[in-house]
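Notes to accompany the following structure.
The values are calculated or read from the model by the stated rules, or taken from the named source; none is laboratory data. As the structure is a computational prediction, the values presented were derived from the model and not from experiment. Here the Cβ positions follow ideal geometry from the backbone for every residue, glycine too, while neighbour counts run over all protein chains shown. SASA here: full protein model, heavy atoms, side chains in, ligands and nucleic acids out. Shrake-Rupley method; radii C 1.70, N 1.55, O 1.52, S 1.80 Å.
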Amino acid sequence: MPISSDSPPSAAPQPSSQDSTSSAGLSSASMSSTSPPTPETPSTSSGRWSKDYDVCVCHSEEDLVAAQELVAYLEGSTASLRCFLQLRDATPGGAIVSELCQALSSSHCRVLLITPGFLRDPWCKYQMLQALTEAPGAEGCTIPLLSGLPRAACPAELRFMYFVDASRGPDRGFHQVKEAILRYLQTLS
């Protein structure tokens, strides 16, 4: 059953994406490693601040612009969500697979931007399986954002989950994704 509203998340590109960043139109400034925003008064031992990121956005290389728009929406909201976008936040020189696994384990939630490009890309299938392995059965922490596809095209591994339909609403599901992340974060306190 689709859940529609608005919400998006971000990032984990294919291995080849690091070699083709110029074709993705990224400047070196947008690819530099940045630290996640620091909370004003964090309780680093528990709750939201127990991990480096609120959400890791997994996407195909061809969907980088959409992933960046989702991350900008989430980080720019009043909730100031801390997002991991692989091309922006991975450690330069780090192994791509290791960086993905570290990002997933350092994030409370995962957003899977499921598009035709995502389905064609073996790296995206790996990202999806890693995200599901990281939190098996953790209700609400893996959020499929279906864009440009019918429900029937959703990967079999995700068919047991509610998803956000990006075709509904003017914000492409971004608001609904944000609300799902915030609901999950509230369970941590």
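Between the stretch 143-175 and the stretch 51-94, the C-alpha centres lie 18 angstrom from each other.
For the stretch 79-94, putting each phi into the Karplus relation 6.51 cos²θ - 1.76 cosθ + 1.60 with θ = phi - 60° gives couplings of 6, 6, 5, 9, 10, 9, 10, 4, 5, 8, 10, 5, 6, x, x, x Hz, in residue order, rounded to whole numbers and with x for Gly and Pro. A cut-off of 5 Å between modelled amide H atoms, ignoring neighbours fewer than 5 places along the same chain, links Ile143 with Arg110, Val111, Leu112. Of the chymotrypsin sites (Phe, Trp or Tyr not before Pro) in the stretch 51-127, not one is in a loop by DSSP (not H, G, I, E or B) with at most 12 other beta carbons within 10 Å. Remark: relative contact order (the stretch 77-149) = 35 percent; criterion is Cα-Cα distance under 8 angstrom and separation of 6 or more residues.
The share of accessible area on the stretch 67-145 that comes from carbon and sulfur is 57 percent, using a 1.4 angstrom probe.
Count Lys and Arg as plus one, Asp and Glu as minus one, and take only other residues whose Cβ is under 10 Å from that of Glu62; the net charge is then -2.
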